[in-house]
């Protein structure tokens, strides 16, 4: 290094040290990375299983929704909506006790933990899974296909708050953010968000914003589409979107929760075409740092059998990733439910069985599911 | 037990490197909140590739490469709410102290660099990597690193970030 190089090194070190002194507390959370990392892996594995099961179980569904599809809802659980509260509680109503600094909770209203701003209607055959998600960072509905050459078709539906008219970011990529009028969606205003940076615009997901019948602005991000479909498919998916809050019934509820516990993630994924498979997952954060995941999926029929226990020891898969360890599980009534903690606490041997007893499965019949999840 | 060992190992690694990764991320993006997001996304990716990271000779370098690539990928593909560099007002200080002025100059000068040049500067001059090491982390040739560095330094000289150093004083 010459003198100028060394001076630059010193200045950068001094600069970042000075900035660090006034920096906000770090939000980096290794436990959350483990949680999301597992979730990513799990989703990849699940889509493969979903595709296999969908083919096996619902050839008829494919036929109905075959090429060209239909305008009706596709793949949304047909269970009746129940107990979806329309009122609202104070923003911190979800907290079971005093908030902790590291809490990262999802919005909870009453006993409900998962409410998305809208749901998909028509979807192309290439979509195999519909998922509703609520995290501390937001809520959305996602529809995606299976991985093909590390890519997959994906639609992500989000919404702006009521009364908010979104702006286009002034800078997108290396160019100006642009609003390009799109064909109206169900006769209402719609536009694409893109960039004057052509190379950026070509390589990015397409972003369509459209106003729903409820006056709310919705946003549909699409990726993994063939070039020929990048405009027409999102428009058609958008036209099928059912606007308005949707609280999917879930196959599980909790009989009790320990103090200082919040819900940090809630999701329900479901085969897009056909009734099964499905999977619901709730993650709770205890004392601000201890994460416990409750997962429910189709399982054995009949009453709960045997004593709960771990099902199989995890070993690495072909990619070196550990096999998914479901944790402590029980099954019955066509459902299997498991509890698992991210970082086992010293008293894990006693707390996980207690968590398992808190889980109240609602069976495999979606008509018995409910939006009322919390005690 | 295999997974527990893996998770514990990962958590220990991230806990010991989070501060350092956050600083590198901050130098790349000049925003602590965004730096946190970058690090969080990077360590999530790191977790999903922890087996590969464990086989890497230089695990720190692997983590840093994931971070830099995440930053560069975001520049290309994410719909990040970016404001134009140097547009941020300096609040509450009409006449910054000399050290602070140097920091502000450097921040603005770095922010004005194209992302790849900025990443090159951070790797070369903050992380003290050689040209060859930087090329390996960025997945490009040594010649490319040299040209990126040269352009970046030229831009920094034109700004006040390096003006008082070396030749600028001549």
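Here is the figure for the range A:10-22: residues that are within 7 Å of chain B (Cβ to nearest Cβ) and more than 30 Å from residue B:11 (Cα to Cα) total 1.
The test for being closer than 30 Å to residue A:356 by Cα and in contact (Cβ under 8 Å) with a residue 24 or more places away in the chain does not hold for residue A:223.
Would it be correct to say that residue B:130 is closer than 18 Å to residue A:5 by Cβ, at pLDDT 85 or above and surrounded by fewer than 17 Cβ atoms within 10 Å (Cβ to Cβ)? So residue B:130 fits the description; yes.
Would you mind stating whether residue A:347 is at pLDDT below 85 and away from chain B (no Cβ under 14 Å)? So residue A:347 passes the test. The condition of being more than 9 Å from every other protein chain (Cβ to nearest Cβ), modelled with pLDDT of 80 or more and within 22 Å of residue A:288 (Cα to Cα) holds for residue A:25. Go through the range A:149-204 and report how many residues are part of a loop (DSSP other than H, G, I, E, B), modelled with pLDDT under 80 and exposed (fewer than 13 other Cβ atoms within 10 Å of the Cβ). The number of residues fulfilling the criteria is 3. Considering the conditions (1) within 30 Å of residue A:209 (Cα to Cα); (2) within 13 Å of the chain's Cα centre (by Cα); (3) at pLDDT 85 or above, residue B:75 is excluded by exactly one of them, (3). Got at least one residue in the range A:258-265 being on the phi > 0 side of the Ramachandran plot, surrounded by 20 or more Cβ atoms within 10 Å (Cβ to Cβ) and in contact (Cβ under 8 Å) with a residue 12 or more places away in the chain? Checked the range A:258-265: no residue is on the phi > 0 side of the Ramachandran plot, surrounded by 20 or more Cβ atoms within 10 Å (Cβ to Cβ) and in contact (Cβ under 8 Å) with a residue 12 or more places away in the chain.
The values are calculated or read from the model by the stated rules, or taken from the named source; none is laboratory data. Quick caveat: nothing in here was measured; it's all calculated off a predicted structure. We place every Cβ from the backbone using ideal geometry, glycine too, and count neighbours over all the protein chains shown.
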